[in-house]
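Shown next, in structure tokens, is the structure this report addresses.
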Amino acid sequence: MKIVLASGIYYPEIGGPALLVKDLADEFIKTQDVLILTYSNEYEVVTKQNGNLSVKRIIRHNKISNMFRYFLLSLTDIKKDDKVFVFDIFSAALPVYLASFIRRYKYTVRLGGDFLWEMSVNKFDKKQNILDFYNSKFNLIEKIYFFFIKRILKRADKIISTTDFQKDLVIEYYKIKESKFIDITNPFPELDYKCVQQKENKIIFAGRFSKLKNLDSLIKVMPYFKDYKLYLIGEGPEKDNLSNLIKELNLEEQVKISKPLFKEDLYNEICKAKLTVLPSYTDITPNTILLAIKLNTPVLMTKYSGFYKMFKNNLLFLEDPSNLNELKDKISLILNNNSEYLDKLSKTNTSFTRTEMINKYLDLI
């Protein structure tokens, strides 16, 4: 038996699943053979690490070709007695789902983001939170995706959820039995790093540049904060549009786009900032928020998140991230009362660690 980790992205690409799969693989290879299946922009079919890890990357061409090649690997490289975890609800899950009929293996799906909602925001420009989306009328393409996602979830042996927020949504709209779910919360990072820098007049966003992140709204409110600079750290398909908006509003000196940063480089930037903002319409369990809390930097994000129920007494949340007045007012509230929000952060329970999360996965093997 080997452990198969099927993902749409993998380190060094940006995104929670990419880093999670790396963390799990680093732990699993201590005792097991591990195979990672993933898409990639770079051609690298197989890499080996410590003899126990194989990484097979499908270079991205077009969606149909990508999924077909992923399906072939799922068919040839996964055996009936392998333990299969899927960290993507469609682009990796659909090929695994189809191959499972032929090879008769079981798989466990981890819910991270929400593929259907994300696709609708990015493809059809439906700028709405996830609950409004699921209560709206689907177009034909959305109905087709919904059909397949529902069957992927129903065939899954187990479903890992990171929050009750998303689990309840899937149970209600996809009609999945609650008995299938296993709760494994995203962990707070275990850091040796200590913030020693003096806070500067900086606002930070760190993550992927996509439409669902609603970064244009964040840029548009920056003229109200002339004494502050906004740093957008990351990469993604909206990078050029964001750059054009910054130029259009003459904010080149105030709003900076930075390449992705990792570990100490990212910690350093978050530590120096007075505020980390994720203005997404919905964000299920963003790791950037957990990192900022751990580094004692105030945060602002949408209430349409698994974190709302967990942290509503300690953090400030946006009712409507697309409302520029609300976004401006709540940024002002935090910046003008920074010490108050730092005190609230210090009372947040950050005890759930990566080690505990890994142990929960080990219990499933």
request  = Using only the Cα atoms of region 202-346, build the gyration tensor, take square roots of its eigenvalues as a ≥ b ≥ c, and label the shape rounded, prolate or oblate: rounded if a/c is under 1.5, else prolate if a/b is larger than b/c, else oblate.
outcome  = rounded
Mean-position separation - Cα centroids, region 317-365 and region 252-282, in angstrom = 15 Å
task = Classify region 209-272 as rounded, prolate or oblate, taking a ≥ b ≥ c as the square roots of the eigenvalues of its Cα gyration tensor: rounded when a/c is under 1.5, otherwise prolate if a/b is larger than b/c and oblate if not.
result = oblate
query = Amide H to amide H under 5 Å from residue 257: which residues, 5+ apart in sequence or cross-chain, H placed 1.01 Å off N in plane?
reply = 232
ask   = Taking θ as phi - 60°, what are the ³J(HN,Hα) couplings along region 56-61 by the Karplus curve (6.51, -1.76, 1.60), each to the nearest whole Hz, with x for Gly and Pro?
value = 10, 10, 9, 5, 6, 10
Residues with amide H under 5 Å from that of residue 302, placed H, sequence gap 5 or more = 280, 318
Residue-by-residue Karplus 3J(HN,Hα) for region 215-224, coefficients 6.51, -1.76, 1.60, Hz, glycine and proline x = 6, 5, 5, 5, 5, 5, 8, 5, x, 6
key: Partners for residue 123 among aspartates and glutamates (Cα-Cα distance below 15 Å; same-chain residues under 8 apart left out)   = 114, 142, 238
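Which shape class, rounded, prolate or oblate, goes with region 78-192 when its Cα gyration tensor gives a ≥ b ≥ c as root eigenvalues, a/c under 1.5 marks rounded, and past that a/b bigger than b/c marks prolate?
Working: a/c = 1.76, a/b = 1.21, b/c = 1.46.
Judged from the Cα gyration tensor, region 78-192 comes out oblate (a/c at least 1.5, b/c at or above a/b).
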remark   = In order over region 88-102: 3J(HN,Hα) from phi, Karplus 6.51/-1.76/1.60, θ = phi - 60°, whole Hz, x for each Gly or Pro, gives 7, 8, 9, 4, 9, 5, 5, x, 5, 4, 5, 5, 5, 5, 7
query = Could you list, bin by bin from short to long, the percent of Cα-Cα pairs of the chain in 20 Å steps?
reply = 28, 58, 13, 0
request  = Collect residues whose amide H, placed 1.01 Å from N in the peptide plane, falls under 5 Å from the amide H of residue 182; neighbours closer than 5 in sequence don't count.
outcome  = 159, 160, 161
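List, in the order given, every pair from 22/127; 126/309; 63/211 whose Cα-Cα distance in the structure shown is over 29 Å.
Values: 22/127 32 Å; 126/309 25 Å; 63/211 20 Å.
Flagged as over cut-off: 22/127.
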Point-charge dipole on Cβ atoms (K/R +1, D/E -1) for the chain, about Cα centre, debye to 20 = 1020 debye
Helix-derived mean residue ellipticity, 222 nm - over the chain, DSSP H n ≥ 4, -39500 (n - 2.57), to 500 = -12500 deg cm²/dmol
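Every number here is computed from the coordinates shown, using simple stated rules; none is lab data. What you are looking at is a predicted structure, and each value in this text was computed from that prediction instead of being measured. With ideal geometry, Cβ positions are generated from the backbone for all residues, glycine too; neighbour counts draw on all protein chains shown.
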